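Written below as structure tokens is the structure these notes are about.
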Amino acid sequence: MAWQNGRSRRNTLMIMGAWLLSLMLCLALPLTAVPWYGVVGLVMLRSFCHTGMFIIAHDAAHGTLWVGDRQRNDRWGQVAIFLYALLPFDRFVWNHGLHHDRAGRVGDPDYHDGRNSHPLRWYGKFMTGYLDDPLRFQIFIWFTVFFHLVRFVFDVQITNLLLFWVLPILLSSLQLFFFGTYLPHREPAQGYTNPHHAYSNGFPEWLSLLTCYHFGYHYEHHEFPHLPWFMLPKPRWQRDSKAAPQSQTDQIKSAGLQEPY
């Protein structure tokens, strides 16, 4: 436990530090002095850091950010999810619990509506599943206030705010949806074959980290929800070292997903 807590704290501080430092530097950046590909690279970096804030909050929702001290665990989670998208931590924890209880079924806030599994419609459901109308309005007001507060108090250009704060929020949501929800939870042609209705990708560890902080090792996450994100590769590759079952379909292989066994 002490080893896990120590590593969780270090990773949390590194991600939050990278998020804050990159935001400060990018908001002050004179865009005319940076080539377009440099701007693209910075937007990608900001998006990756932003996704990391969600991962911190997600670990906190499972109580794995600070094992043995729920108050500290939740406090860090509240900070991370607020900086991520001004979301209330208690609402996030409740809805994420529903996801684990009803994964890939009616009542799962991350899943599609049971009829329209097209990725664009699913993404729309994914974005609204955690928010009712009053909360959406509240978040809109907070975003508006923070946007103009930063703009006028710190004399930040609107373009910088849009590129390095607003756009990374959108790109991060797409990243989390595609690698952490759509690919792991879409139903195979032969139907789901495990109680979690979840599958893991076959990405090497470095690519798994870059795509979504190992969120693509999704079967392992549902099977071992007590493991923090950085510990998911071990059970993933332990499982992969076993022989694949004969029933594994070409459709799953082509999608880069592998059945649990």
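The values are calculated or read from the model by the stated rules, or taken from the named source; none is laboratory data. Keep in mind that this is a model prediction, so the values were computed, not measured. Ideal geometry is used to build each Cβ from the backbone, glycine not excepted, and the neighbour counts take in all protein chains shown. Areas reflect the complete protein model, heavy atoms only, side chains present, ligands, DNA and RNA absent. Shrake-Rupley method; radii C 1.70, N 1.55, O 1.52, S 1.80 Å.
Summarised in one figure, the compactness ratio Rg/Rh of the chain, Cα atoms and Kirkwood Rh, is 0.98. Computed with a 1.4 Å probe over protein heavy atoms only, the accessible area of Phe224 comes to about 80 Å². When the helices in the chain are scored as -39500 (n - 2.57) per DSSP H run of 4 or longer and the sum is shared across all residues, what 222 nm value do you end up with, to the nearest 500 deg cm²/dmol? Calculated mean residue ellipticity at 222 nm is -18500 deg cm²/dmol. One quarter of the surface of the convex hull around the alpha-carbon atoms of segment 44-189 equals 10.0 nm², the direction-averaged projected area.
Helices that extend 27 Å or more along their long axis by alpha-carbon positions and average at least 0.5 on the Kyte-Doolittle scale are, among the DSSP H runs of the chain, 36-61, 133-153. For the pair segment 168-193 and segment 65-95, the centres of their Cα atoms are 23 angstrom apart.
Each of Val145 and Met44 was given a label point 7 Å from its Cα along the Cα-to-Cβ line. The distance between the two points is 3.7 nm. Measuring only protein heavy atoms, the 1.4 Å probe finds Arg75 accessible over about 120 Å². Only Lys, Arg, Asp and Glu carry charge here, each on its Cβ (+1 for the first two, -1 for the last two); on that basis segment 5-115 has a dipole of about 240 debye about its Cα centre. Between Trp94 and Asp113, the distance separating the two model label sites (each 7 Å from Cα on the Cα→Cβ line) works out to 2.3 nm. Annotation: extensible slack from Gln157 through Ala189 equals 6.6 nm (criterion: 0.36 nm per residue apart, minus Cα-Cα distance). When +1 charges are put on Lys and Arg Cβ atoms and -1 charges on Asp and Glu Cβ atoms, the dipole computed for the chain relative to its Cα centre reaches about 280 debye. The residues of segment 129-234 have, on average, 48 Å² of accessible surface per residue, using a 1.4 Å probe with all protein chains present. Projecting the Cα atoms of Leu29, Phe54, Ile15 onto the charge dipole of segment 1-90, computed from C-beta unit charges around the Cα centre, puts Ile15 farthest toward the positive end. Taking every C-alpha pair closer than 8 Å and separated by at least 6 residues, the mean separation divided by the residue count of the chain gives a relative contact order of 19 percent.
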